[in-house]
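Everything below concerns the one structure shown next.
The values are calculated or read from the model by the stated rules, or taken from the named source; none is laboratory data. This is a predicted model, so every value here is computed, not measured. Cβ atoms come from the backbone with ideal geometry, glycine included; neighbour counts cover every protein chain shown. We work out accessible area using only protein heavy atoms, side chains counted, and drop any ligands, DNA or RNA first. Shrake-Rupley method; radii C 1.70, N 1.55, O 1.52, S 1.80 Å.
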There are 2 protein chains.
Amino acid sequence: MSRPALHAAVLDAVGRAITSGDVPPGTPLTLEAIGAVHGVSRTVAREVMRLLEGLGLVRSKRRVGLVVLGMSEWNVLDPRVIRWRLAGPGRDDQLRTLTELRHAVEPLAAAGAATHATAEARAELLDLAGRMRVLGSHGDLAEFLALDVRMHELLLRSSGNEMFGALADVVAEVLTGRTRLGLMPPAPVPEALDQHEKVARAVADGDPGRAEATMSALVGEVRRTLSSGA
Amino acid sequence: MSRPALHAAVLDAVGRAITSGDVPPGTPLTLEAIGAVHGVSRTVAREVMRLLEGLGLVRSKRRVGLVVLGMSEWNVLDPRVIRWRLAGPGRDDQLRTLTELRHAVEPLAAAGAATHATAEARAELLDLAGRMRVLGSHGDLAEFLALDVRMHELLLRSSGNEMFGALADVVAEVLTGRTRLGLMPPAPVPEALDQHEKVARAVADGDPGRAEATMSALVGEVRRTLSSGA
DNA sequence: CATGGACCATTGGTAGCATCTTTCGCAACA
DNA sequence: TGTTGCGAAAGATGCTACCAATGGTCCATG
């Protein structure tokens, strides 16, 4: 923590407070108050508020201060907003909607990767799937998560579409959030391992159709588990 | 809107300069320089840079200034970034990737709307489709665009998934950008009108499968036209 | 040639001031 | 009583000036 990272802390605090609903929409905040509460000067409070304005959490109006906006105005796809909301109430709904988004995007991304990925990426995918299987039987959740994140990120970024690639951060947030919230089984289920391996193989083989179908099945499984488990 | 909007102007200028590639990745900017170029104080330059940092366009490093980041770090899903990039070079690629994203998301959103949309939304969808047909024969592009944007926005926001809803801004940017760039036929093709009407009817009837399939066909058509036309 | 330390440019953060817009309250008037 | 208009105040916007921290750069020394 040698870094000042002062507004990072304040940004996090205020962002959490808003997204959790602790400060309801319509509440007017003032820079003075924010600065005082967090023991920080008006300048940094201003910068934080600018950031929050960029995320659609507040809108600054003269004479009245910074008004907290409603959920419909939020930039819900921004990783920061996602992280805050995953830590607050409504995380179940959050996971559901994000998983639906994954279901829309990841199959097409896998298909894209099957035709566009570099040779290195294909090799790394196979390697990752193999290591996931090994780790799966040992049951080290943290390391397994890292591999899982890496694999989905690699797929999305290899899809040949940077829009899909931009969603890698989102998917990473979802996966880590799911683990952090204890929504993962203590040891990965064998089907999940199989499907990850199948996807990796389909991409390595350059078979877009199989990659898409398998990935769709994979995320569909996650979606089913979510809605039944929660 | 006689807003001061001082940093809005500077933000726009610098954002455009970076996304257009005029200032290549790795270039170090200093607050001092930005302030001087745009005739603005260091304070506002700092706030602008904070915003740009939030968009992933720059990373601030001490002693060295603000380093312009590469495209892979950009927040390419942010409407501001999209608008900037649609105005610069590479707009064709931009439209392609965004249309692929639409192809992933909009069918599922339409299916969601078929089960979740309110009665008012269903009625408005039918009304919109009808008016698009009327306008289509008259050939008023601007008004047609407004209806088109409204219809897609309504579908996405009625999908019961706020993540899809958040993409309404993106789709709106794409549609208006496509028209602004003159990539639309002078008069809407009859098939597009048919498909919009079919989607509206499927949603109104509460038939998710038909809504999804029809929307997929619609966006697929757009995608095909794009890749052949450009 | 490597290494360590001093220098200094540039961001991070604070303080205080002037300005401008918008809202609120109060008073005057119909 | 209800409405209009004016003044005051609150709070964002923007500026300048200042100090602290930090991490490249570069030179001197082994």
Inside the range B:40-64, can you point out the residues that are open to solvent by 20 Å² or more (accessible area, probe 1.4 Å), farther than 17 Å from B:W84 by Cβ and more than 7 Å from DNA strand D (Cβ to nearest atom)? B:R46, B:R50, B:R59, B:S60
If you go through the range A:89-99 one residue at a time, do you hit one that is more than 16 Å from DNA strand C (Cβ to nearest atom), hydrophobic (A, V, I, L, M, F, W, C) and in the same structural domain as A:G165 (by TED's automatic domain parsing)? yes
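For every residue, the table says whether it meets (1) open to solvent by 10 Å² or more (accessible area, probe 1.4 Å); (2) under 18 Å from A:P79 (Cβ atoms); (3) within 13 Å of another protein chain (Cβ to nearest Cβ).
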| position | (1), (2), (3) |
| --- | --- |
| A:H116 | yes, no, yes |
| A:L128 | no, no, no |
| A:M132 | no, no, no |
| A:H138 | yes, no, no |
| A:L141 | yes, no, no |
| A:R157 | yes, yes, yes |
| A:R178 | yes, yes, no |
Subset of the range A:180-230, residues among the hydrophobic types (A, V, I, L, M, F, W, C), in a helix (DSSP H, G or I) and open to solvent by 50 Å² or more (accessible area, probe 1.4 Å), comes to A:A213
What are the residues in the range A:142-200 that are out of contact with any Gly (no Cβ under 6 Å at 6 or more places or on another chain) and small (G, A, S), if any? A:A142, A:A146, A:S158, A:G165, A:A166, A:A168, A:A172, A:G177, A:G182, A:A192, A:A200
Please state which one of B:A119, B:A110, B:A129, B:A123 is closer than 19 Å to B:L167 by Cα, modelled with pLDDT of 95 or more and more than 14 Å from the chain's Cα centre (by Cα). B:A110
Where a residue in the range A:31-50 is at negative phi and within 12 Å of chain B (Cβ to nearest Cβ) and its partner, wherever it lies, is within 7 Å of DNA strand C (Cβ to nearest atom) and part of a helix (DSSP H, G or I), with Cβ under 8 Å and at least six apart: A:T43/B:T43; A:V44/A:L6; A:V44/A:H7; A:E47/A:H7; A:E47/B:R46; A:V48/A:H7
Hits in the range A:1-26 (condition: more than 23 Å from B:D78 (Cα to Cα), touching a residue at least 24 places away in the same chain (Cβ under 8 Å) and away from DNA strand C (no atom under 14 Å from the Cβ)): A:G21, A:V23, A:P24
With the requirement that a residue be at the interface with chain A (Cβ under 10 Å from one of its Cβ atoms) and over 16 Å from B:L218 (Cβ atoms), what does the range B:86-111 give you? B:D93, B:Q94, B:R96, B:T97
Within the range B:51-81, the residues that are out of contact with any strand residue (DSSP E or B) (no Cβ under 8 Å at 6 or more places or on another chain) and on the phi > 0 side of the Ramachandran plot are B:G56, B:R63
Which of (1) hydrophobic (A, V, I, L, M, F, W, C); (2) under 20 Å from B:G70 (Cα atoms); (3) within 15 Å of DNA strand C (Cβ to nearest atom) is the odd one out, the single condition B:A33 does not satisfy? (2)
Inspect all residues belonging to the range A:142-150 and state whether any of them is modelled with pLDDT of 95 or more and β-branched (V, I, T). yes
May I ask you to list pairs of residues, at least six apart or on different chains, whose Cβ atoms are under 7 Å apart, with the first in the range B:202-222 being within 17 Å of B:A104 (Cβ to Cβ) and the second being in a helix (DSSP H, G or I) and among the charged types (D, E, K, R)? B:T214/B:K198; B:M215/B:E106; B:V219/B:R102; B:V219/B:E106; B:E221/B:E191
Residue identified as within 14 Å of DNA strand D (Cβ to nearest atom), hydrophobic (A, V, I, L, M, F, W, C) and crowded, with 20+ Cβ neighbours inside 10 Å among B:I34, B:I82: B:I34
